[in-house]
1. Efficiency by 1/(1 + (r/R0)^6): what FRET value for residue 85 and residue 51, r their Cβ-Cβ distance, R0 = 35 Å, to the nearest 0.05?
2. Applying a 10 Å radius around every beta-carbon, put 101-109, 60-68, 45-53 in order of their mean neighbour count, most first.
Amino acid sequence: MTMTTRTHCPYCALQCAMRLAPAGRTAVPADGAGAAGAGAVLEASGRDFPTNRGGLCRKGWTSPALLNSPERLTAPLLRGADSELHPVSWDEALDRAADAVRAARRRHGADSVGVFGSGGLTNEKAYQLGKFARLALGTSRIDYNGRFCMASAAAAG
């Protein structure tokens, strides 16, 4: 049995509708969606949705290739005394990150840290991120990827 998952592209704020299926099992639509990319374990294909009408851009088509990439990080890494990166537990990595944020706030003030959201966040998640930034971190520094990612894409388009 072949399992197909209906989902949305993880990249930009358009959230194009897509299907993920085991590689080699999906029919490739005429628009080219379904290109798996080298080493992909899944193939993406567009599905009808108001923002993409069944199509996908290159990022969407090739998104499954990242799942099987040998360069994909699957565990947190910290630099050791030997200057090399070594895998550590999630607890150790999160404790180290929290300690660094606390130290930066003590040394340089609350606005020395910030958060970086995404146009792909739902309204609820964007709201939670803003609350976390203002209440937990005490910072007014909140930005999102649209300033960098989508500005260049819009200019290119």
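Readers should treat all values here as calculations from the given coordinates under stated rules, not as data from a laboratory. This is a predicted model, so every value here is computed, not measured. Counting neighbours? That spans all protein chains shown, and the Cβs are built from the backbone with ideal geometry, glycine included.
1. 0.35
2. Ranked by mean Cβ neighbours within 10 Å, highest first: 60-68, 45-53, 101-109.
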